[in-house]
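Below: the structure, in structure tokens.
The values are calculated or read from the model by the stated rules, or taken from the named source; none is laboratory data. Keep in mind that this is a model prediction, so the values were computed, not measured. Backbone-built Cβ (ideal geometry, glycine too); neighbour counts: all protein chains shown. Only protein heavy atoms, including side chains, enter the accessible area calculation; ligands, DNA and RNA are left aside. Shrake-Rupley method; radii C 1.70, N 1.55, O 1.52, S 1.80 Å.
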Amino acid sequence: MDEVVNVHRHVLEHNDATAKQNRADFDEAGVRVVNLMSAPGAGKTSLLERALPMLAGVRVGVLEGDVQSSLDADRMRALDVPVSLVNTDVTFAGECHLDAAMVRSGLVDLPLADLDLLVVENVGNLVCPAEFTIGEHRRAMVFSVTEGEEKPLKYPLMFRTCDLVVVNKMDLLPHLDFDLDLFLDNLDAVHPDVPHQLLSARTGEGVRCFAAWLSETAGA
Amino acid sequence: MHELSVAAAVLDTVVRHAGGRRVTLVRLRVGELRQVVPDSLELYFGLVTRGTACEGARLEQELVAARLRCGACTHEWRPGGPAFRCPECGAGGATVLTGDELEVHSLVVGGPVAACPEPAEEAQWTRS
Ligand SMILES: Nc1nc2c(ncn2[C@@H]2O[C@H](COP(=O)(O)OP(=O)(O)OP(=O)(O)O)[C@@H](O)[C@H]2O)c(=O)[nH]1
Ligand SMILES: [Mg+2]
Ligand SMILES: [Zn+2]
């Protein structure tokens, strides 16, 4: 009665198919999409608070992925940009990342055709978000210098799959024994030649360069 | 944490291919670049399959070794750890030949789930 069923399917195939639909919608609306990822508390929201007001001539929207609260979404609304909030705790086992379907459900609240750039702030988590494509054009990750030099070696997937690594909280460097050169060596081993941007969302130093990267991504 | 997401995605894929029958074995192929801890995945698979057609199914994981190819000089190597720069010529931009797999290879299925009164609804699969 037992029967073998050959499947040979990638486990994330279903997610990837939905991501393709998202991508098609983005392209039809003419909006470019950045997936912003990091470990919890690395400074994604703080960075956006600083950088988005610098985007002259770019019509930007934000999709906030958060486990439960609307705190980050409220901080974004204060910037007077269109914001969509997706709480991930309503889906089973989906608490730690946004997947393509969750993003899709959040798109209905956004005027996509009126945007040049959509920034998706993913759930703070160093592993899961990297597995799930959402249809984004580019991925950026925020790494903060309080996290330790060995993170790229321990959690290579996110470092490997992003197009830009922001190194945040540089203002804290004098107070830490963080070895920046060692971190950059580790990053280079995991993702050779990936661009990185040193900055501080607290003092604003370097944020203009990140804003320029966003503008360039938007095609402005 | 990560393995919970993967286990849920595995279950999703399996249910799509099981055709409403009880699953007794799931064979997975997992690339070593995937950061999946086998014991942890097995544990979470046991949890997420409770009350589904996969409940009690055995999970077999085949670990696939990583192989990279340099885009500049075509050198192929097996990295010892997350090191993606070519050891021959120093170029970045290596292609992953193997090691990125996260694939349901095959299933072993038995008869229809016995205790299920309404086969159309997956949510109704109950323990037998
Ligand atoms: N010193 C310092 N603190 C920072 C910097 N950027 C952010 N922080 C602080 O780090 C904490 C977390 O910042 P958030 O911007 O909320 O981080 P996040 O990545 O959005 O966090 P989650 O969305 O919860 O994952 C806050 O207390 C910020 O004030 C920085 O450049 N320097
Ligand atoms: Mg945040
Ligand atoms: Zn080479």
Rounded to the nearest whole Å², what accessible area per residue is found for region A:13-219 with the 1.4 Å probe?
-> 40
Quick calc, A:K20 & A:R202: beta-carbon distance into FRET formula, R0 56 Å, rounding 0.05, result 0.90
Mind checking B:13-20 for the average number of partner chain beta-carbons within 10 Å of each residue's beta-carbon?
-> 3
With r as the distance between the Cβ atoms of B:V37 and A:D80 and R0 = 35 Å, compute the FRET efficiency 1/(1 + (r/R0)^6) and round to 0.05.
-> 0.20
Checked region A:167-206 against the a/c 1.5 cut and the a/b vs b/c comparison, axes a ≥ b ≥ c from its Cα gyration tensor; verdict oblate
Mind listing the long-range amide H neighbours of A:L118? Cut-off is under 5 Å, sequence gap 5 or more, other chains count too, H placed in the peptide plane at 1.01 Å from N.
-> A:R32, A:V33, A:V34, A:G61
Rounded, prolate or oblate: which fits chain A, taking a ≥ b ≥ c as square roots of the Cα gyration tensor eigenvalues, rounded meaning a/c under 1.5, else prolate when a/b beats b/c?
-> oblate
Under the Karplus relation with 6.51, -1.76 and 1.60 and θ = phi - 60°, whole-Hz ³J(HN,Hα) for region A:34-43, x at Gly and Pro, equal 10, 9, 9, 10, 5, 5, x, x, 6, x
Would you work out the relative contact order for chain A, in percent, from Cα pairs under 8 angstrom that are 6 or more residues apart?
-> 27
Calculated from DSSP H runs of 4 or more alone, at -39500 (n - 2.57) each and per residue, what is the 222 nm mean residue ellipticity of chain B, nearest 500?
-> -7000 deg cm²/dmol
Quick one: what are the phi-derived ³J(HN,Hα) couplings along region A:47-54, Karplus 6.51/-1.76/1.60 with θ = phi - 60°, whole Hz, x for glycine and proline?
-> 5, 5, 4, 7, 7, 4, x, 7
Roll a 1.4 angstrom probe over the protein heavy atoms and tell me the percent of accessible area of region A:119-186 that is carbon or sulfur.
-> 50
CD proxy, 222 nm, chain A: helix-only mean residue ellipticity via -39,500 (n - 2.57) per DSSP H run with n ≥ 4, per residue, nearest 500, stands at -9500 deg cm²/dmol
Note: A:T146 to A:D185 extended length (0.36 nm per residue) minus current alpha-carbon separation gives 12.3 nm
Longest chain A segment clear of GluC sites (Glu not before Pro) sitting in DSSP loops (not H, G, I, E or B) with at most 14 other Cβ atoms within 10 Å runs A:1-149
Solvent-accessible area buried by pairing B with A, both sides, nearest 100 square angstrom, 1.4 angstrom probe | 3000
For A:Q197, residues with placed amide H under 5 Å, excluding near neighbours | A:V165, A:V166, A:V167
